[in-house]
Amino acid sequence: MKPSLYLPLLSSALLLPLAAFAAGDAHDEALIETLAIGLGFAFVGGFIAFRLGLPPLIGYLVAGVSVGPFTPGLIVDATIAPQLAEIGVILLMFGVGMHFSIRDLMRVRRIAVPGAIAQIALATAMGIGLAEFWGWTLGGGIVLGLALSVASTVVLLKALEARGMLQSEDGQIAIGWLIVEDLVMVLALVLLPALAGPLRGEALDLNALLRSLGLTLAMIALFVVLMLVVGKRVFPWLLARVEKSGSAELFTLAAITLSLGVAFISAELFGVSFALGAFFAGIVVNESDHSHRAADELRPFQDAFAALFFVSVGMLFDPMIVVTAPLSLLAVVAVIVIGKSVVAYAIVRVLGWSNGTALNVSAALAQIGEFSFILIGLGLTLELVPKQAQGLVVAGALISIAVNPLVLRLTTRFR
């Protein structure tokens with residue numbers, strides 16, 4: 001046996017007593033248990049995947065399946081893991097914002113805004129078509145289509161980073177596209193409860209709908225203005241003052257506090273998603289001379305919590321969906337990986353960009369993630385989609401995330 005293969009085996013042996021302990025008597029250490037087991041299994045799975053020549057994220061996903069509620073043996077707390085995973089999303093988007101200026105965002109608006117909106121509309125139409133074929137309602141089709149239209153923040157950023165494209169023009173287009181998608185999903189989450197009644201055949205309260213939409217748009221605009229006017233002055237000043245103190249740990253703490261604090265406030269007070277709040281905070285911090293150091297300090301935390309994100313996705317996967325609804329699952333995966341890619345490619349080309357840019361953007365967006373789970377969960381709560389919808393979306397997300405690195409590799413052959 002190669003010496004390098006002893007490491008995951010040794011790690012597995014060390015995890016077995018922990019697994020036996022966690023599976024025994026109930027205790028009140030769910031947070032520590034989730035972190036220890038989640039990161040431990042993610043490390044083992046990621047290392048084995050890497051040694052097999054596969055992206056580590058595939059190992060993280062398999063680790064999540066192995067500790068999820070749908071497989072026998074050890075089960076990690078399914079309520080804490082997604083919250084820890086959200087921290088990974090926040091830190092990643094904060095880091096991206098620190099390398100992404102307002103000027104960059106405005107430069108790609110002419111492709112990102114119309115491209116993202118057109119792709120969402122066409123992907124939603126595909127979801128409605130599938131729902132109609134399966135006998136679902138129009139409301140169910142809209143929820144399914146929206147869930148299949150929005151890409152995962154973490155997967156997109158990791159894919160761009162792995163290919164060294166975060167700072168490239170194609171990478172900035174893909175990130176700008178994702179930001180527009182997230183903004184549209186924020187609006188969708190506000191509108192769906194107001195439209196649920198009419199979609200079920202009840203009367204529409206137009207005044208309530210317009211008030212809800214207007215309030216949401218106003219709160220988003222207020223948040224952006226505050227960040228660009230107040231935050232642009234306060235955040236760089238704060239980091240400069242901490243830097244002068246000469247304390248490395250205080251600087252790290254300041255960077256983490258800014259990313260998590262702004263994300264939390266944006267969600268609680270302004271109705272903006274954690275990811276978008278962190279992204280705009282990062283853009284503001286980018287004005288500071290110390291933004292690169294802040295990005296370096298956050299990198300280990302980003303990697304650790306991003307691994308937990310993929311573990312939490314794997315935990316949601318019920319393997320029985322492959323047996324109970326294989327053709328439906330295949331159709332969902334086809335929409336995500338093929339349908340969305342073809343649509344995005346066509347849109348980028350129609351807007352006048354090169355074949356290479358169209359391939360890169362379409363491949364990077366050929367997956368779904370966190371917003372998809374939120375949307376389909378809301379659809380279940382509003383009784384717009386059947387229970388099977390959640391299983392299909394989660395399975396589609398896991399499969400599309402797993403094959404996304406392969407899709408990105410294939411694009412290089414057609415450039």
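The values are calculated or read from the model by the stated rules, or taken from the named source; none is laboratory data. A quick note: this is a predicted structure, and the numbers were derived from the prediction, not measured. Methodologically, a virtual Cβ is constructed for each residue, glycine included, from the backbone with ideal geometry; neighbour enumeration extends over all protein chains shown. Accessible surface areas use protein heavy atoms only, side chains included; no ligands, DNA or RNA. Shrake-Rupley method; radii C 1.70, N 1.55, O 1.52, S 1.80 Å.
Rounded to a whole number of µm²/s, how large is the Stokes-Einstein D of the range 317-391 at 4 °C and 1.567 mPa s, given Rh as the Kirkwood radius over C-alpha pairs? If you can, show how the numbers build up before the last one.
Values: Rh = 14.1 Å.
Calculated translational D: 92 µm²/s.
Write down the radius of gyration of the chain and its Dmax, each obtained from C-alpha positions, in Å.
Calculated on Cα positions, Rg and Dmax stand at 21.5, 70 Å.
Out of the total accessible area of the range 186-245 (probe 1.4 Å, heavy atoms of protein only), what percent is carbon and sulfur?
Numbers: 2520 of 3660 Å².
The nonpolar share, carbon plus sulfur, comes to 69 percent.
Convert each backbone phi in the range 123-129 into a coupling constant with the Karplus relation 6.51 cos²θ - 1.76 cosθ + 1.60 (shift: θ = phi - 60°), then list the ³J(HN,Hα) values in order as whole Hz, x for Gly and Pro.
Once rounded to whole Hz, the list reads 5, 5, 4, 5, x, 5, x.
Report, to one decimal in Å, the Kirkwood hydrodynamic radius for the range 43-187 based on all distinct Cα pairs.
On the way: mean 1/r = 0.0570 Å⁻¹.
One decimal place: 17.6 Å for the Kirkwood radius.
Residue-wise, which Karplus ³J(HN,Hα) couplings in Hz belong to the range 311-327, taking 6.51 cos²θ - 1.76 cosθ + 1.60, θ = phi - 60°, and x for glycine or proline?
Calculated HN-Hα couplings, in order: 4, 5, 5, x, 5, 7, 7, 9, x, 5, 5, 5, 8, 7, 9, x, 5 Hz.
Provide, for q = 0.16, 0.17, 0.18, 0.24 Å⁻¹, the log10 of I(q)/I(0) from a solvent-free Debye sum over equal Cα point scatterers in the range 188-264.
The calculated log intensity ratios at q = 0.16, 0.17, 0.18, 0.24 Å⁻¹ are -0.71, -0.75, -0.79, -1.06.
Quickly rank 390-403, 340-353 as a protection proxy: mean count of other C-beta atoms within 10 Å, highest first.
Numbers: 390-403: 23.2, 340-353: 18.7.
Descending packing order for the listed peptides: 390-403, 340-353.
May I ask you to compute the full-extension gain from Arg349 to Arg409, defined as 0.36 nm times their residue separation minus their alpha-carbon distance, rounded to one decimal in nm? Don't jump to the answer; show the numbers that get you there.
Values: separation 60, 0.36 × 60 = 21.60 nm, distance 2.00 nm.
Working it through step by step, the gained length comes to 19.6 nm.
Tell me the per residue accessible area of the chain using a 1.4 Å probe; a whole number in Å² is fine. Before the final figure, lay out each step's value.
Numbers: 18520 Å² over 415 residues.
Per-residue value: 45 Å².
Would you mind getting me the FRET efficiency between Thr324 and Arg109? Use the beta-carbon distance for r and R0 = 51 Å, nearest 0.05.
Between Thr324 and Arg109 the formula returns 0.70.
What number, in percent, do you get for the relative contact order of the chain if the mean sequence gap of Cα pairs under 8 Å and at least 6 apart is divided by its residue count? Walk me through the numbers on the way to the answer.
Numbers: 622 pairs, mean separation 109.4, N = 415.
Once divided by the residue count of the chain, the mean separation gives 26 percent.
Can you show me the helix-derived [θ] at 222 nm for the chain, built from DSSP H runs with n ≥ 4 at -39,500 (n - 2.57) apiece and divided by the number of residues, rounded to the nearest 500.
On the way: 20 runs with 319 residues, N = 415.
Here the helix-only value at 222 nm equals -25500 deg cm²/dmol.
Distance in nm between label sites at Ala218 and Arg51, each 7 Å beyond Cα in the beta-carbon direction?
Each label point lies 7 Å from its Cα, and together they span 6.0 nm.
Can you tell me which of Leu157, Leu31, Leu146 moves the most in a GNM of the chain? Springs connect C-alpha atoms under 10 Å apart.
Most flexible of the set in this elastic network: Leu31.
Taking θ as phi - 60°, what are the ³J(HN,Hα) couplings along the range 163-172 by the Karplus curve (6.51, -1.76, 1.60), each to the nearest whole Hz, with x for Gly and Pro?
9, x, 10, 4, 9, 7, 5, 4, x, 5
Would the range 107-242 count as rounded, prolate or oblate if I go by the C-alpha gyration tensor, calling it rounded below 1.5 in a/c and otherwise prolate when a/b exceeds b/c, oblate otherwise?
Working: a/c = 2.93, a/b = 1.43, b/c = 2.05.
Oblate is the answer for the range 107-242, as a/c is 1.5 or above yet b/c matches or exceeds a/b.
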